[in-house]
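First up is the structure itself, then whatever we jot down about it.
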Amino acid sequence: LEQIRAETEETVSLAVLEGTTVRFLDCAESQRSVRVGNRTGVGWAQLAEAVVAVRGGARHVATNTDATIPSPRGVLPGNGALVGVVSTVTGQQPLVTGKPDPAMHAECVRRTGARRPLVVGDRLDTDIEGARRAGAASLLVLTGVATPADLLAARPDHRPDLLAPDAAGVLVPHPEVTAVEGAWRCAGWQAEATGERLTLRSVGAHRDGDGLDGLRALAVAHWARHPEQGAAPTVTAGDDDAAAALSGWGLDAG
């Protein structure tokens, strides 16, 4: 694989295993396995050959199932979209060797000897779920796919332990969210859940270093109300400061 990367200057996308030789997928003859990974040049011809190979008995292996990837132009198709094409046509689900399968994280821990591993990612359904399945702590960053609305509606196995605007969040302390008289408070913000409605209020002086303390309070308040399933809440602002914060996170106040 390293030789192929060196020759193409790209991550291997569709490759086949013939004995001990790995090569690009360009013919469906004598193939034992098909590997699908990210590469921008994958097109109909490569996917068609992958389908023929899998239908002929080759094993379908996916490096990850991220349906989308972030880009400066917005969300674009990810590796999971390519995997979905092969799976839909062949009717065969792939062996997933990357996120959210915990094997990759377990191997990282084994190699590094990490005692308190932390998984950092921008997707709930692969990064955060993968961390939970591996028994590792997780940090969700809001620089990619997941949005504040996605965070609030997340099902239990998609809920991160920590939240930050970007990966710099690994270098700073994270404020605690505490229960206060039926509500949840984080720094200068308080969130209260009533049914499916969440109300955010400003309380006391704000020392909101990364601008997400109110969102942290909202998430914990809503998740405490829905410990076993995900649900999209209706969020309301209890004051003008809260209204401005909700708008900044792209959350419409109901």
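No value in this document is a laboratory result; all are computed from the given coordinates. Just so we're clear, the structure is a prediction, and the values are computed from it rather than from any experiment. Reconstructed Cβ throughout: ideal geometry from the backbone, glycine too, with neighbour counts over all protein chains shown.
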Per residue, the convex hull enclosing the Cα atoms of segment 138-248 spans a volume in Å³ of 97
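Taking the number of other C-beta atoms within 10 Å as the exposure measure, put Arg110, Arg159, Arg123 in order starting with the fewest. Please list the in-between numbers first.
Values: Arg110 9, Arg159 21, Arg123 25.
Going from least to most buried by this count: Arg110, Arg159, Arg123.
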Simple spin-label estimate for Ala137 and Val172 in nanometres, 7 Å along Cα-Cβ | 1.7
How large is ³J(HN,Hα) for each residue in segment 113-125, as worked out from phi by the Karplus curve 6.51 cos²θ - 1.76 cosθ + 1.60 (θ = phi - 60°), to whole Hz, x for Gly and Pro?
-> x, 4, 9, 10, x, 10, 9, 10, x, 10, 10, 6, 7
Two-site label geometry, Thr112 and Ala149: point separation in nm, points 7 Å out along Cα→Cβ = 3.4
What spacing in nm lies between the two simple spin-label points modelled at Gln92 and Asp239, each 7 Å away from Cα in the Cβ direction?
-> 6.2
Beta carbons within 10 angstrom, averaged per residue: use that to sort the peptides 209-218, 167-176, 146-155, highest first.
-> 209-218, 146-155, 167-176
The set of residues whose placed amide H lies less than 5 Å from the amide H of Ala62, leaving out same-chain residues fewer than 5 positions away, is Val36, Leu95, Val96, Thr97
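Take Ile69, Ile128 and order them by how many other Cβ atoms sit within 10 Å, fewest up front. Spell out each step's value before the answer.
Details: Ile69 17, Ile128 27.
Exposure proxy ranking, most exposed first: Ile69, Ile128.
Compute the projected area of the convex hull of the Cα atoms of segment 48-152, averaged over all viewing directions, and report it in nm² to one decimal place. Let's see the in-between values first.
Numbers: hull surface 32.7 nm².
In nm², the orientation-averaged hull projection of segment 48-152 is 8.2.
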Alpha-carbon centroids, segment 122-157 and segment 50-101: separation in whole Å | 20
Would you please state which residues of segment 212-254 a label at Arg197 would reach in this model, taking the label point 7 Å out along Cα→Cβ and a backbone N cut-off of under 12 Å?
-> 234-238, 254
